[in-house]
1. Name the residues whose placed amide hydrogens come within less than 5 Å of the amide hydrogen of Leu226, ignoring near sequence neighbours (fewer than 5 apart) on the same chain.
2. Taking the convex hull of the alpha carbon atoms in the range 26-166, what volume per residue do you get, in Å³?
3. What nm distance separates the two modelled labels at Val91 and Glu265, each placed 7 Å from Cα along Cα→Cβ?
4. Sort Cys278, Cys371, Cys147 so the one with the fewest other Cβ atoms within 10 Å of its own Cβ comes first.
5. Per residue of the range 44-56, what does 6.51 cos²θ - 1.76 cosθ + 1.60 with θ = phi - 60° give for ³J(HN,Hα)? Whole Hz please, x for Gly and Pro, Karplus curve as stated.
6. GluC sites (Glu not before Pro), restricted to the range 318-407: which are DSSP loop and have at most 16 other Cβ atoms within 10 Å?
7. Can you spot the aspartates and glutamates whose alpha carbon is less than 20 Å from Lys196's alpha carbon? Ignore those fewer than 8 places along the same chain.
8. Over 26 Å between Cα atoms, which of Lys86/Lys163; Lys317/Lys337; Lys134/Lys163 qualify?
Amino acid sequence: MSLDLLIDSVGHQGDGLATGSDGRVFVPGALPGERVRVDRVVDGRADGLTVLEPSADRVPVASTAHAETGVAPLQHWATGPYLDWKRSLVVEALEREGLDAEVAAIIPVSPASRRRLALHARRGEDGQVVLGFKARRSWRVVPIETCPVSDPRLVAALPALRKVAEAFLVGARSAPTLHVTLTDTGLDLDVTGVEKRGWSRDRAQHAVRLAMQADLARLSLDGEVLAMQRQPTVRFGRATVPLPPGGFLQAAPEAEAAMARLAVEAIEGVKRVADLFCGAGTFTFPMAEVASVIAADGSASAIAALKAGAATASGLKPIEAQARDLFRRPLSPFDLKGVEAIVFDPPRAGAQAQVEQMSGTKAEVIVGVSCNPQTFVRDARALVGAGWRLERVTPVDQFLWSTHVELVGVFRR
């Protein structure tokens with residue numbers, strides 16, 4: 001039975017919120033102020049949306065396929081209110097933890113700027129390869145022919161990537177994921193989720209032939225190189241860094257540049273800084289232009305890439321890099337002796353163990369970079385309790401039209 005609703009807000013997961021006869025209703029694709037009709041409500045979630053009275057903030061979507069996925073579910077929202085909502089996610093997270101800090105205007109990114117994608121491959125009922133993104137809250141893959149958030153060079157490669165995916169569909173239930181990254185020397189593709197039972201040398205050779213035809217710079221399977229025509233490289237500051245297979249890279253160069261700039265500005269005047277969870281040197285190299293750096297990360301391949309990149313750059317302060325599991329063996333105050341500033345950029349789980357050790361250091365400035373406001377505020381509360389003040393938080397809209405928000409927080413003694 002259909003139901004008419006008035007949308008009063010948008011929740012943290014990007015769904016419109018309304019009050020129905022049985023309580024709150026989540027309405028995907030709806031905006032505040034809209035009157036909508038839904039076909040049904042199951043467990044508080046609406047399905048079958050018809051907009052009866054659209055909001056003035058509703059705009060045409062760039063891709064109807066993307067509207068179904070978690071990649072860009074908010075593209076129907078005008079830029080101003082959309083960015084205000086994203087900033088509010090950070091404000092509310094801070095308020096819930098009782099943290100008082102200035103929240104700067106959110107830094108936006110442009111469409112067609114993302115340089116890495118995770119594409120899911122399946123075999124359709126007709127036997128053809130389906131390549132695309134998962135529908136929200138579903139295992140169903142939505143096929144894509146274009147991508148308004150991605151660099152045009154990634155979009156142009158989609159037909160070739162679809163052909164390459166065929167080699168990795170080794171069984172009826174195969175569900176490989178193609179992690180494709182645009183580097184300075186071409187596309188780097190790492191494939192995960194392949195059924196090992198059906199994988200063979202013939203399959204590998206077939207995959208390599210298809211990768212060569214697609215002119216991929218490199219093809220790897222779970223981080224193991226199958227073929228490389230050119231070493232994939234990226235630029236961090238003055239360094240040219242060889243990206244390891246499956247290595248982490250910020251999704252949008254614009255966002256990366258903004259976050260690196262904020263980190264460098266925050267450590268101005270210090271002589272020695274620690275870059276924790278440094279990856280292959282996203283922030284290490286820009287900061288090494290003004291201070292010596294201790295860089296640490298749990299990935300040995302990322303640290304090897306960082307060291308190789310350091311050999312390509314001139315005019316930098318000394319960089320000391322080490323592979324270390326910062327969750328199990330965080331750097332202690334003794335390890336961080338003489339460090340005046342600390343930058344940390346952990347995975348979504350945050351850096352609880354490392355933050356506990358940072359609390360005993362004499363660092364005057366700490367910069368936290370995070371893709372998860374919830375774990376950031378937990379770590380921030382620990383630092384504030386140990387004597388730092390959260391001075392300023394800057395949200396960054398790295399994942400355009402999604403529900404994810406990055407941020408950079410600056411703490412001072």
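Just so it is clear, none of the values below were taken in a lab; they were calculated from the coordinates. What you see is a predicted model, and the numbers here were worked out from it, not measured in a lab. All Cβ positions, glycine included, derive from the backbone under ideal geometry; neighbour counts span all protein chains shown.
1. Hits under the 5 Å cutoff: Leu219, Ser220, Leu221.
2. With only Cα atoms used, the range 26-166 gives 160 Å³ per residue.
3. The modelled label-to-label distance comes out at 2.0 nm.
4. In order of increasing Cβ crowding within 10 Å: Cys371, Cys147, Cys278.
5. Those phi angles translate into x, 10, 8, 9, x, 8, 10, 8, 7, 10, x, 6, 5 Hz.
6. Glu364
7. Glu166, Asp222, Glu224
8. Beyond 26 Å between Cα atoms: Lys86/Lys163.
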